[in-house]
1. Using just the Cα positions, wrap segment 1-115 in a convex hull and report its mean projected area in square nanometres, one decimal place.
2. Taking only DSSP H segments of four or more residues, each worth -39500 (n - 2.57), what value at 222 nm results for the chain once the sum is divided by all its residues, to the nearest 500 deg cm²/dmol?
3. Please work out the Cα center distance from segment 35-104 to segment 112-174, rounded to the nearest Å.
4. Just to compare against my own numbers: the Cα pair-distance distribution for segment 138-292, 10 Å bins, whole % per bin, please.
5. How much of HIS270 can a 1.4 Å solvent probe reach, expressed as accessible area in Å² and rounded to 10?
6. Run a plain Debye calculation on the chain (Cα atoms as equal point scatterers, no solvent) and give log10 I(q)/I(0) at q = 0.08, 0.16 Å⁻¹, rounded to two decimals, same order as the q list.
7. Compute the projected area of the convex hull of the Cα atoms of segment 152-192, averaged over all viewing directions, and report it in nm² to one decimal place.
8. May I ask you to list the residues of segment 212-243 whose amide nitrogen lies under 13 Å from a point 7 Å from Cα along the Cα→beta-carbon direction of ASP250?
Amino acid sequence: AACEVAYHMTGIYPDWWPGIRFKKPGRWGVGSKTAELTKDGAQKMLLGPFTQFGTGAVPRDFLVDWKLSRGVPEAIDIFRVRHVSGGVSEAVFKAYADGREKWQADEWQGCWLDEEADEDIYSEASARTAITSGPMITTLTPLLGMSNVVKRFYPDRGHPDRGLVMMTIDEAEHFTEDSRRKAVEGYLPHERKARSLGIPMLGSGAVFPVNEDFIAEDPVVVPEHWKQIIGIDFGWDHPTAAVRICYDADNDVIHITNAYRRSEATPVIHIASIRPWGPWVPVAWPHDGLQH
């Protein structure tokens, strides 16, 4: 991603480059979760370490100047790069933590989001490139699961202007087989597929890459003979959640007819919300539920 941003900002493209080519300079937005992560990630990839600017993706001879940030040591707010057309491109660094308002009212030739942004930040960044129709690049490890941002790029969405590139640890050729094994073993077990294969992690966000339009239905009247059960998972900061499941055995179809989700509430609140689904309906919970 840093190399592509450098191509666009300088106008220097490899002969094999099949993508969009900008013939004039422009302004780019680059961001990550915090100013610190932006400095350690995208800034370092584009410019190099602070004392060695010009050793990153942007060639030293094309680097014009930069402006230091007042908040984070060795972080910069903006840098400028010479374009082969004779003009000057510039890039501004942003942080998701600053909030959506800090991303408003600018116009960019393109944008690079390093690490997954919340949907409102992604939308605001996309709006900054609307006039130029420039590229939006996002690089991330899908630890937030099949989130709304991640789902945008999956083929079932069928959007002609989006592409998904999944890189596995086996494609990182500077790793030896032994170092790959040690790296994967060092990840938390539930994060291994996301970190090593790029597969969205289950347990956060949507589980399946399915367009909701394909599974949503109008409310149904549940006949008495349908089998029913309620599934619940307990939580405090992480919400307590429950669903009512109804099984139509004649047609072998499962209907999710009710859903509940609430953080920082006591059991009496959850009970009052779920009992109207039917006090006779059995309730199932995970084996570790009684610990809470």
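The values are calculated or read from the model by the stated rules, or taken from the named source; none is laboratory data. Keep in mind that what you see is a predicted model, and the values were worked out from it rather than measured. Cβ: placed from backbone, ideal geometry, glycine included. Neighbour counts: every protein chain shown. Accessible surface is based on the protein model in full, side chains and every heavy atom, while ligands, DNA and RNA are left aside. Shrake-Rupley method; radii C 1.70, N 1.55, O 1.52, S 1.80 Å.
1. 7.0 nm²
2. Values: 8 runs with 55 residues, N = 292.
Value at 222 nm, helices only, nearest 500: -4500 deg cm²/dmol.
3. Between the Cα centres of segment 35-104 and segment 112-174 lies a distance of 21 Å.
4. Pairs per bin, as whole percents: 9, 26, 28, 23, 11, 3, 0.
5. 20 Å²
6. Per q value, in the given order, log10 I(q)/I(0) is -0.50, -1.32.
7. 4.2 nm²
8. Taking a point 7 Å out along Cα→Cβ of ASP250, the residues of segment 212-243 whose backbone N falls under 13 Å are 221-227.
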